[in-house]
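Taking it in order: structure first as structure tokens, then the write-up.
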Amino acid sequence: MRLLNASGCLDALTAPEVAQQLDGFVTKTITPLPREGNAPPRIAETAHGMLNAIGLANPGRERFLAETLPRLHELKLSVWVSVGGFCAADYAETCAALAGIEAIELNLSCPNVDEAADGAAEIVAACRRATQLPLFAKLSAAHPDLGEVARAVAAAGVDGLSLVNTLRGMALHPKTHAPVLARGQGGLSGPSLKPVALAAVHTCYAATRLPVVGMGGVTCGQDVIDLVACGARDVALGTVLFSDPDAPARVRAELASIDLDEVFASAHESTHVLA
Amino acid sequence: MPRRERLSVSNVETVGAYTLLRLERGGLDPGIPGQFFMLEAPGRLLPRALSLCLAPAGELAFLLEAVGPGTEALCALEAGDGIHVFGPLGNGFRLDVERPLLVGGGIGMAPLPYLAERIGRAPVVLGFRTELHAAASALLPDAEVVVEPRLVTELIEPGYDVLACGPEPMLRAVGDLCPGAQLAWEAPMACGYGACYGCAVEIDGELKRLCVEGPVLAAA
């Protein structure tokens, strides 16, 4: 089991010592052109989670390749690049420009941008033609038939799945009833998301048997065990990194006496029952 | 170098409308005035960003206003309780100024007692919305104080190097009056170390992370 960060939940350049605790660093999503992101306020705390509407703020492909990626390599990190876009060609062109990294995660599920992307399978197929690098498709659990989406991207050539992205949510000011986020709605993350993540990993692993990076509400070693038991091969930390930059070392210590291969074996039984 | 440690609450005091939370310092560095710490808010998912108010030997003290569930939970702490604290973070005030004037508005006075201690003798002007809030000026006994409807900007005379912290309208007014002033801003923040991109503010016409670029910025 590799321990990663969820895309958008860590900047290795401002916190290299946190990124170096992980087995791989996943970048914030890179789009062809620079994006400032959404107007603030962009975050809101909820009862057992948080909402964000950052809006894919990033320096754009050109500056990422020229400035950010070389600095990430200097840190000796195993780099996963999260790739976003607004049509299949956007994704494929970025994939074609990437080399010398561990894997590509295709962000097919950002809840915080308006523009509609092409279908997930179409994007994956275009990226598959553009790169030999391992491709992971990051999906949203909001789809009514997630297993079907997973099978479609598997058929289109992904090597693995990243599950789950945030789910769209909303928070209101208690007195004014106005949305807290300037954008109105945002992506829900944190402990609220964990049961959703377990179900999504369980469903998609049963549907495809592909390697899955499980994420969503992981705060401790037990959460990792639960995701692995549902079929996750690797696990990513997200919102917990905001409150606890030492979480990678802590979670690893909590798993020290656990045989995760044995836990993973139980996924075959439980997903077999489901399938 | 920022560290994250669990610190014990040594005392909780009421200061006018505010609460002064004193923590045993542990291995944490107090940092530069204007830098901030992320304090675990019991029962909440996210920590809260607070600038250091006082740094007596062996302690770190934070001035708080209960404005929501996080700050309410922090104000309800009692001596002996423990919370995780991460810091110091961000960029503080530049202290190498010739003629400092410290300007604070409301809870924005929080970093000024530590700043006054570190910068040496400097005049201080403070503005508050009520007499009860103004009682917090006891932490800066030599300060000149006004209460609304009077505004703290009325007390700023020309020729000073202004270091200010307060609500956004006050900071904008100070920035207009005193180009080159050092202004300590505030924004909702989930992490405090550049990870979440939540605290974006417009700097030089671009949205940037306040926790990385600030929270103290030069007025344009």
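Where a number appears in this text, it was derived from the coordinates with a stated rule and is not lab data. Model, not experiment: these values are computed from the prediction. Glycine gets a Cβ as well: all are built from the backbone with ideal geometry, and neighbour counts include every protein chain shown.
Summary table below
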| item | result |
| --- | --- |
| Unique residue being of a type in the set (Ser, Thr, Tyr) and surrounded by fewer than 18 Cβ atoms within 10 Å (Cβ to Cβ) when the list is B:THR153, B:THR130 | B:THR130 |
| Single unsatisfied condition, B:LEU112 versus (1) within 14 Å of chain A (Cβ to nearest Cβ); (2) under 14 Å from the mean Cα position of the chain (by Cα) | (1) |
| Residue among A:ASP159, A:ASP259 that alone is more than 14 Å from every other protein chain (Cβ to nearest Cβ) and touching a strand residue (DSSP E or B) at 6+ places or on another chain (Cβ under 6 Å) | A:ASP159 |
| Hits in segment B:96-112 (condition: more than 15 Å from B:PHE36 (Cβ to Cβ) and either in contact with a strand residue (DSSP E or B) (Cβ under 9 Å, 6 or more places away or on another chain) or hydroxyl-bearing (Ser, Thr, Tyr) (or both)) | B:VAL97, B:GLU98, B:ARG99, B:PRO100, B:LEU101, B:LEU102, B:VAL103, B:GLY104, B:GLY105, B:GLY106 |
| Evaluation of B:ARG44 against (1) free of Cβ contacts under 8 Å to residues at least 24 places away in the same chain; (2) buried (at least 16 other Cβ atoms within 10 Å of the Cβ); (3) of a type in the set (D, E, K, R) (one fails), failing number | (1) |
| Residue match in segment A:18-27 (condition: among the hydrophobic types (A, V, I, L, M, F, W, C), in contact with a strand residue (DSSP E or B) (Cβ under 7 Å, 6 or more places away or on another chain), within 11 Å of chain B (Cβ to nearest Cβ) and surrounded by 20 or more Cβ atoms within 10 Å (Cβ to Cβ)) | yes |
| Top-ranked residue in segment B:1-30 [being aliphatic (A, V, I, L, M) and not in a strand (DSSP E or B); ranked as nearest to B:GLY82 (Cα to Cα)] | B:LEU28 |
| Hey, A:THR131 surrounded by 15 or more Cβ atoms within 10 Å (Cβ to Cβ), under 12 Å from the mean Cα position of the chain (by Cα) and over 21 Å from A:ARG209 (Cβ atoms) or not | no |
| So A:ASN5, is it surrounded by 21 or more Cβ atoms within 10 Å (Cβ to Cβ) and more than 19 Å from the chain's Cα centre (by Cα) | no |
| Residue match in segment A:142-158 (condition: surrounded by 21 or more Cβ atoms within 10 Å (Cβ to Cβ) and over 17 Å from A:CYS204 (Cβ atoms)) | no |
| Any pair with Cβ under 9 angstrom, 6 or more apart, that starts in segment A:227-252 at a residue that is within 12 Å of chain B (Cβ to nearest Cβ) and ends at one that is of a type in the set (Gly, Ala, Ser) and not in a loop (DSSP other than H, G, I, E, B) | A:LEU237/A:ALA247; A:GLY238/A:SER189; A:THR239/A:GLY49; A:THR239/A:SER189; A:VAL240/A:ALA247; A:LEU241/A:ALA247; A:ARG250/A:GLY221 |
| Check on B:GLY166, farther than 30 Å from A:PRO16 by Cα, surrounded by 20 or more Cβ atoms within 10 Å (Cβ to Cβ) and either within 14 Å of chain A (Cβ to nearest Cβ) or within 19 Å of the chain's Cα centre (by Cα) (or both) | yes |
| Any hit, segment A:28-35, residues being in contact with a Pro (Cβ under 8 Å, 6 or more places away or on another chain), surrounded by fewer than 24 Cβ atoms within 10 Å (Cβ to Cβ), of a type outside the set (Phe, Trp, Tyr) and over 21 Å from B:PRO47 (Cα atoms) | yes |
